[in-house]
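Taking it in order: structure first as structure tokens, then the write-up.
The values are calculated or read from the model by the stated rules, or taken from the named source; none is laboratory data. Small disclaimer: the values here were computed from a predicted structure and weren't measured. As a convention, Cβ positions derive from the backbone with ideal geometry for all residues, glycine included, and neighbour counts pool all protein chains shown. Heavy atoms of the whole protein, side chains included, go into the accessibility calculation; ligands, DNA and RNA do not. Shrake-Rupley method; radii C 1.70, N 1.55, O 1.52, S 1.80 Å.
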Amino acid sequence: MARDWCGGITLLKNDMSGASVDVGSSDEFMDRIFRIVAIDGKEFGVLRWGEAVYVVRNICPHHFSPVCRGLVRESAQSEAPGTIVLQDSPIVICPNHRWEFRLPSGFAVRSRHSIKTYPARIQEGRVLVDFGARARQA
Amino acid sequence: MTAGGYDGSVIDCDVHHAYGPATKLTPYIQAPWREFVSASTMSLNPAQKHYPHPFGTNKRIDLVDDGGPTPGWDYDLMASQLLDPFNIGRAILNYDVGHESAHNNHYLAAALASALNDWSLDTWLSRGDDRLYGSILVASTLPTYAANEIRRLGAHPRMVGVLMVADGLGLPFGHPIYHPIFEAASEFDLPISLHFGADLWSKQGQLAAGGNPLSRTEFYTLLPQPAMHHITSCISHGVFDKWPNVRLVLLETGYTWLPWLARTLDLQFSNLRRESPFVRNLPSETILTNVRIATQPYEPPEHSSHLIDLLSALDGIEDVIMFSSDYPHWDIDDADDVAKEFPPGWRAKIMYRNAEQTFRWPATGAAGSPSSRTI
């Protein structure tokens with residue numbers, strides 16, 4: 001079975017300067033596959049979704065499970081029984097208890113919880129993440 | 001008589017009245033079916049092919065007086081045996097049990113359901129006893145016919161709900177094929193009571209997983225099975241999301257299993273939400289707002305506290321349970337026996353208020369002004 005994540009290969013440090021952290025070439029991030037990177041010993045999931053890129057802390061607020069090791073899918077919405085509309089925005093489904101979180105907001109589909117998200121962008125072929133002060137608290 | 005620590009008026013959600021010999025019903029059957037059944041020796045009520053009863057009758061033995069009227073067939077007897085002694089302020093009459101609507105000829109089934117409705121209105125509900133209310137019996141095998149029947153009688157002030165007694169198509173009730181029934185019930189704000197058992201007569205329906213039971217012991221024990229299936233189906237297919245005012249009333253299925261079903265549904269919906277994003281609320285929440293369950297057969301625990309512990313696994317279940325006697329059947333529960341088994345704070349809800357807020361009562365009733373429903 002194909003996995004929706006790969007990881008543990010990138011070890012980086014945040015210099016806490018407030019500058020964006022370069023987590024790698026965009027070519028290294030497969031479309032719709034979470035890649036888990038470790039920065040200062042903390043795990044983050046980096047997801048490229050077409051031309052967009054999303055970064056979240058790899059911790060589910062439910063039982064602190066590694067949420068980024070779950071399935072990544074298009075968001076499923078519905079306006080009427082029997083209809084399901086897939087939208088071009090991702091959700092990640094926690095592998096432990098199947099809680100679903102929307103990206104880029106990080107909000108859970110069915111609860112008030114959320115996973116931590118970080119601004120990220122692709123610039124000149126590099127994936128840049130703004131951890132800022134939040135990474136120190138993560 | 002006071003009902004076991006509860007001395008208020010009682011609403012009985014499931015009382016059975018019967019026409020007795022077929023000739024009493026024949027005048028209400030529309031052509032061509034009146035001629036069909038008149039020329040035939042077939043039974044109008046396929047339940048007469050039911051399992052033989054070890055007591056010889058499906059009536060409670062102490063209600064039967066040889067040579068006297070048959071319990072369920074006679075209004076005065078019902079008043080003296082049920083309505084008066086147990087302070088029944090409102091009784092919902094559900095035929096005996098309406099298995100006529102489950103004939104394998106679905107058109108005949110629909111015609112007999114209409115005949116029973118007209119018979120009930122003509123002989124019981126128009127006699128001036130404001131304690132008596134009725135259900136609109138429909139043949140679920142022809143959903144558009146059923147919807148038409150609901151629309152024919154849905155505005156009648158003595159008809160406070162819809163009654164379905166069979167899953168003759170072998171499809172759980174959340175299937176879109178049944179949606180015309182829910183749409184019509186929603187139009188008239190009528191709850192739908194499910195009283196299983198007639199599934200035994202159809203070629204498609206099945207009362208219990210694994211095949212139909214062979215004895216009454218198995219039959220009664222396994223009645224919760226279809227109830228679980230149909231609730232699960234209606235929630236899964238968004239019936240209550242499409243028609244938020246539709247309520248399902250489960251009759252004669254017991255009720256101690258409901259917390260388990262609510263919790264299991266919650267778990268699976270959380271796991272598999274992607275299958276049904278149109279389902280807005282957690283199933284346990286939907287059960288509290290849109291499902292009601294009658295007490296009979298009261299399931300006696302070894303200790304009353306065990307019953308309450310079991311039920312309390314679903315917070316708010318005291319708003320879901322409603323009293324029913326099942327008069328005049330062999331396993332009747334008396335109101336005072338049932339009331340005393342519940343905590344004092346639950347009794348008024350279970351014996352009266354929950355049913356008052358579930359069925360669609362006329363604007364004014366003999367048992368006081370109905371309060372507005374909260375659903």
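Here are some notes:
- If you filter segment B:53-66 down to residues that are more than 23 Å from the chain's Cα centre (by Cα) and outside any helix (DSSP H, G or I), you find that the one that is farthest from B:PRO328 (Cα to Cα) is B:PRO54.
- Consider segment B:151-172 and keep the residues that are closer than 10 Å to B:SER135 by Cα and among the β-branched types (Val, Ile, Thr). The one that is farthest from the chain's Cα centre (by Cα) is B:VAL160.
- Residue count for segment B:228-251 satisfying the condition of being under 24 Å from B:ARG273 (Cβ atoms), out of contact with any helix residue (DSSP H, G or I) (no Cβ under 6 Å at 6 or more places or on another chain) and not charged (D, E, K, R): 11.
- So A:LEU71, is it within 15 Å of the chain's Cα centre (by Cα) and at pLDDT 95 or above: no
- Of all residues in segment B:200-242, those being within 14 Å of chain A (Cβ to nearest Cβ) and either of a type in the set (S, T, N, Q) or open to solvent by less than 60 Å² (accessible area, probe 1.4 Å) (or both) number 8.
- Scanning segment B:173-191 for residues that are more than 14 Å from every other protein chain (Cβ to nearest Cβ) and under 17 Å from the mean Cα position of the chain (by Cα) turns up B:ILE181, B:ALA185, B:ASP189, B:LEU190, B:PRO191.
- One residue stands out among those in segment B:102-161 that are among the aromatic types (Phe, Trp, Tyr) and in contact with a Leu (Cβ under 8 Å, 6 or more places away or on another chain): the one that is surrounded by the most Cβ atoms within 10 Å (Cβ to Cβ), which is B:TYR133.
- Check on A:ARG102, under 14 Å from the mean Cα position of the chain (by Cα), touching a residue at least 24 places away in the same chain (Cβ under 8 Å) and surrounded by 16 or more Cβ atoms within 10 Å (Cβ to Cβ): yes
- Applying the set (1) among the polar types (S, T, N, Q); (2) open to solvent by less than 10 Å² (accessible area, probe 1.4 Å); (3) modelled with pLDDT of 95 or more to A:THR117 leaves exactly one unmet item: (2).
- Lone unmet requirement of (1) farther than 24 Å from B:LYS340 by Cβ; (2) at pLDDT 80 or above; (3) assigned to a loop (DSSP other than H, G, I, E, B) for B:VAL37: (3)
- Restricting segment B:3-24 to residues that are open to solvent by less than 10 Å² (accessible area, probe 1.4 Å) and not in a strand (DSSP E or B), the residue that is farthest from B:SER324 (Cα to Cα): B:HIS17
- Residue within segment B:315-322 that is in contact with a Leu (Cβ under 6 Å, 6 or more places away or on another chain), at pLDDT 95 or above and within 14 Å of chain A (Cβ to nearest Cβ) present: no
- Of note, A:ILE115 does not satisfy the criterion of being more than 11 Å from the chain's Cα centre (by Cα) and of a type in the set (Val, Ile, Thr).
- Residue pairs meeting the criteria (Cβ under 6 Å; at least 6 apart or on separate chains; first among the aliphatic types (A, V, I, L, M), in segment B:289-311; second assigned to a strand (DSSP E or B)): B:VAL291/B:LEU248; B:ILE293/B:LEU250; B:ILE293/B:ILE321; B:ALA294/B:CYS13; B:ALA294/B:ASP14; B:ALA294/B:LEU251; B:ALA294/B:MET322
- Restricting segment B:262-289 to residues that are open to solvent by 10 Å² or more (accessible area, probe 1.4 Å) and among the hydrophobic types (A, V, I, L, M, F, W, C) leaves a set whose member that is nearest to the other protein chains (Cβ to nearest Cβ) is B:PHE278.
- A single member of A:ASN58, A:ASN96 is under 12 Å from the mean Cα position of the chain (by Cα) and polar (S, T, N, Q), and it is A:ASN58.
- The number of residues in segment B:67-101 being assigned to a loop (DSSP other than H, G, I, E, B), touching a Lys or Arg at 6+ places or on another chain (Cβ under 8 Å) and open to solvent by 10 Å² or more (accessible area, probe 1.4 Å) comes to 1.
- Restricted to segment A:41-138, the set of strands (runs of 3 or more DSSP E) holding at least 1 residues that are within 14 Å of another protein chain (Cβ to nearest Cβ) and within 30 Å of B:GLY174 (Cα to Cα) comprises A:71-77, A:85-93, A:100-102.
- All told, B:ASP331 meets the bar of being under 24 Å from B:SER80 (Cα atoms), modelled with pLDDT under 95 and out of contact with any strand residue (DSSP E or B) (no Cβ under 7 Å at 6 or more places or on another chain).
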